[in-house]
Amino acid sequence: MTDGRTAAAMLLEALPNDDWLEPDLAVPAERMYGVGRDVGALDALVREGRATSMVRHRCARCPVCRCHQCIIDERCARCESANLVTVSLYHHIPCAGIFPAPDGIEAVGECPKCHASLARDPQASEPVGETYRCIDCNAESPEPALQLLCLQCHKAHDLQDVQFHRLWQYRRVDGDG
């Protein structure tokens, strides 16, 4: 260093002591605490007792590029299309019928199982969940097929292949710096 300070001393000076340095989830992992702020160096300050840390997030890590920026990608269980819509399911209490109501219960008219008018007794029906319908192949399933999509390398991964890890926040110990 030109002024005689070490990289650790400069990092320690950059840490707040009254607030937390949090990871910026909008940038790649190597810059999430700021340019030149390496997680290893921050952890070393914690081990030395000069800084403290606390878990801020638990999130997915891409198995290919190790990026922490992954999003859930829902797909059709049959054709793998992402063109899904959710359809509300209702329960007709008197006959125990379960039926879809894609345009709301008001649009159904009568129970598909017992043919009773749903408008006559609105309290006789209740929402019980939803199903997923694929616009492309018309398949329905109670749950979509889930993958995690990495925003850095653009690869999709099955959930069992993705690691979950903790992201920490850091601050200087009072009186240090």
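The values are calculated or read from the model by the stated rules, or taken from the named source; none is laboratory data. Predicted, not measured: the structure shown is a model, and the values here were computed from it. Note: ideal-geometry Cβ built from the backbone for every residue, glycine included; neighbour counts use all protein chains shown. What goes into the accessible areas is simple: the full protein's heavy atoms, side chains included, and nothing from ligands, DNA or RNA. Shrake-Rupley method; radii C 1.70, N 1.55, O 1.52, S 1.80 Å.
Overview of results
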item	result
So Leu167, is it among the aliphatic types (A, V, I, L, M), within 30 Å of Arg50 (Cα to Cα) and in a strand (DSSP E or B)	yes
Test result for Cys95, touching a residue at least 60 places away in the same chain (Cβ under 8 Å) and either among the acidic types (Asp, Glu) or open to solvent by less than 50 Å² (accessible area, probe 1.4 Å) (or both)	no
Residue within the stretch 69-91 that is of a type in the set (A, V, I, L, M, F, W, C), surrounded by 13 or more Cβ atoms within 10 Å (Cβ to Cβ) and under 30 Å from Trp168 (Cα atoms) present	yes
Top-ranked residue in the stretch 130-143 [being open to solvent by less than 40 Å² (accessible area, probe 1.4 Å) and in a strand (DSSP E or B); ranked as nearest to His91 (Cα to Cα)]	Thr131
Residue list for the stretch 41-62, filter: open to solvent by 40 Å² or more (accessible area, probe 1.4 Å), within 26 Å of Val162 (Cβ to Cβ) and either modelled with pLDDT under 90 or part of a helix (DSSP H, G or I) (or both)	Asp43, Arg61
Residues of the stretch 156-171 satisfying the condition of being open to solvent by 40 Å² or more (accessible area, probe 1.4 Å) and either under 30 Å from Arg5 (Cα atoms) or modelled with pLDDT of 95 or more (or both)	Trp168, Arg171
